[in-house]
Every structure is written in structure tokens, then in C-alpha cells.
Amino acid sequence: MTDPKDLLYGWISERAGDERPWLDAQLAQLAAPDATERDLHMYLGFAPRRLGKADLALTPDDLAQADAARSGWDPSGWSIDGAARILGLLTYSGPRPFAETFKDLRRTSDAAEMIALYRGLPLYPAPESLHFEVGEGLRSNLKPVFEAIAHNNPYPRDHFDEHRWNHMVLKALFIGAELGPITGLAARANPELARILVQYARERWAAGRPVMPELWPLVAPFAETPEIRAELDRARAEGRTFEDLVS
């Protein structure tokens, strides 16, 4: 199985052109025993200028390799500089625990840097140590930052408990983020989420607002659960007919 770090290096170096020697020198410095966080910050700051911000433009074979290297890892849509930032973090061999370095980077990052940081979640060491910082990202008012965690990212599927998972799905609805790109969405459907979604739908209808049809497949497996059936009956009594959506 290919290491994700090797895949990232291969993709980036192929696109680095004349900047490949700079990339190799920077990565060697980050991997050195005497590497400092200043070295890391310098690399992260210069990566967009030296390597550019173009899309990685990965092929279907590249994406299949990514999924084979880490189940659910989907780097489609990543930029060269974003991938380079993640590669730098995976290469850096500093003395502090990874979570502490990640926390400091998140707090000083601009939006583009934060998106890259969160997209790398499925690749980082000690993923359980990042729960607080991931929670901060989910609370962000920036939709792209939220989507960097929620979309095409297996970290929530693999590490969120049911309460946090359900909260993430509900927030996606509130901010207008699509549900389809959430990795593991169908597999992690649960009765409590179905109940929450039916209540959400009734509140939307009561306010004269539309309901995203993507939520109904998450309700359907639990439609006969007494509590959820009661919510569906209440909605039907209000004149809502959506049996075809949940059958």
C-alpha cells in the first residue's frame, strides 16, 4: 500500500517544474532532526508563491490510489499549494505533539490555509488528539472551512460519535451545504438523526421554506420507528405529503 505522503509528493513534484529543487530542499529541512517551527512556517508561507495555486487535476487512477492508501480519502479539488501544505505537515519532525502544532497553525491561518489544514485530517497522526480543533472548524462561520471537514473527508465518519455526527449533518442543512459529499452519510444514518431531520423539516415548512430533498434518504430507514412515525403523521396532518420520499 502506498503511503499518502508518497502520493502527495509524487503529484506535487510532477507539477513543480523548475521549483522541484526548492521543494526537495524544503522537505529535507523539515524532516531533519533540528527542524524548527520557523522552518515549517516559512515553508507554508512560501509554498503558494513557489508552487502556485492551480488545481492538482488528479486523474481517476490518482483518486483510486488515494482511496487505497487511506479509505475514503478523496483529494479531488485540491490545489497544489494546499496539497503542499499538508505534505509539509506530514514531513515536519518537530519536538511538540502534532496536535499542538496544528492548533497554533489553525489559530494563525487565513481561510485558504485553514481549508488545507482541515482537508488533511484523514492523513494526520494521532487523529483522536484533534477533536477540539475539528470542533472549532465545524463552528466556523466560513462555509468553505466547514465543508473542508464535512465534504469528501473520512475523518468525521471514522472519528465522530453519534452526537457530533448528527450536529454536523444538521449544520450542513442550516448553512446550505450539500449532504451528498459527506463521506459515510448513508452508513452513519441513525434513528436520532432521522428524528431531528423530521423536526427540522416541519419547522421549515411552518416557516414557508423549502426542505432539501437530500435529507429524506436518511429518514427512510427509520420511518416505522414509533417516534419518527409520530413526527411523520404530524407533518401529514399539516398537509405535507411525502410518503414517496420516505418509502
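The values are calculated or read from the model by the stated rules, or taken from the named source; none is laboratory data. Keep in mind it's a predicted model, so treat the numbers as computed, not measured. For neighbour counting, all protein chains shown are included, and Cβ atoms are generated from backbone atoms with ideal geometry for every residue, glycine included.
One residue stands out in the range 190-218 among those that are in contact with a Ser or Thr (Cβ under 9 Å, 6 or more places away or on another chain) and crowded, with 16+ Cβ neighbours inside 10 Å: the one that is modelled with the lowest pLDDT, namely Arg195.
Could you tell me whether any residue of the range 202-217 is in a helix (DSSP H, G or I), aliphatic (A, V, I, L, M) and not assigned by TED's automatic domain parsing to the domain that holds Phe146? Yes, some residue in the range 202-217 is in a helix (DSSP H, G or I), aliphatic (A, V, I, L, M) and not assigned by TED's automatic domain parsing to the domain that holds Phe146.
Residues in the range 28-56 that are within 21 Å of Arg15 (Cβ to Cβ), free of Cβ contacts under 8 Å to residues at least 24 places away in the same chain and among the charged types (D, E, K, R): Arg49 only.
Total residues in the range 139-154 satisfying the condition of being in contact with a Ser or Thr (Cβ under 8 Å, 6 or more places away or on another chain) and part of a loop (DSSP other than H, G, I, E, B): the figure is 2. Do we have any residue at all in the range 87-110 that's part of a loop (DSSP other than H, G, I, E, B) and among the aliphatic types (A, V, I, L, M)? No, every residue in the range 87-110 fails to be part of a loop (DSSP other than H, G, I, E, B) and among the aliphatic types (A, V, I, L, M). The set of residues in the range 143-175 that are touching a Gly at 6+ places or on another chain (Cβ under 8 Å) and among the aromatic types (Phe, Trp, Tyr) contains only Phe146.
Based on this model, can you work out whether Pro95 counts as touching a helix residue (DSSP H, G or I) at 6+ places or on another chain (Cβ under 6 Å) and assigned by TED's automatic domain parsing to the domain that holds Tyr155?
No.
If you go through the range 65-86 and pick out every residue that is part of a helix (DSSP H, G or I) and either touching a residue at least 60 places away in the same chain (Cβ under 8 Å) or over 21 Å from Ala148 (Cβ atoms) (or both), you end up with 8.
Considering the range 166-200, the residues that are in a helix (DSSP H, G or I) and β-branched (Val, Ile, Thr) include one that is nearest to the chain's Cα centre (by Cα), namely Val169. Flag: Ile228 matches the condition of being free of Cβ contacts under 8 Å to residues at least 60 places away in the same chain, of a type outside the set (Phe, Trp, Tyr) and surrounded by 20 or more Cβ atoms within 10 Å (Cβ to Cβ). The set of residues in the range 46-64 that are in a helix (DSSP H, G or I) and surrounded by 12 or more Cβ atoms within 10 Å (Cβ to Cβ) comprises Phe46, Ala47, Pro48, Arg50, Leu51, Asp62, Leu63. When the range 146-187 is filtered for residues that are surrounded by fewer than 18 Cβ atoms within 10 Å (Cβ to Cβ), in contact with a His (Cβ under 8 Å, 6 or more places away or on another chain) and within 13 Å of Gly72 (Cβ to Cβ), the ones remaining, listed by number, are His159, Pro181. Taking the listed residues Leu130, Leu117, Leu138, the one that is modelled with pLDDT of 90 or more, within 22 Å of Leu56 (Cβ to Cβ) and in the same structural domain as Gly176 (by TED's automatic domain parsing) is Leu117, with no other qualifying.
The set of residues in the range 73-91 that are more than 15 Å from Ala112 (Cβ to Cβ), at pLDDT 95 or above and not aliphatic (A, V, I, L, M) comprises Trp73, Asp74, Pro75, Thr91.
Checking the condition among the polar types (S, T, N, Q) and within 25 Å of the chain's Cα centre (by Cα), which residue from Gln29, Gln65 passes?
On the way: Gln29 fails: within 25 Å of the chain's Cα centre (by Cα).
Result: Gln65 is the single residue among Gln29, Gln65 that is among the polar types (S, T, N, Q) and within 25 Å of the chain's Cα centre (by Cα).
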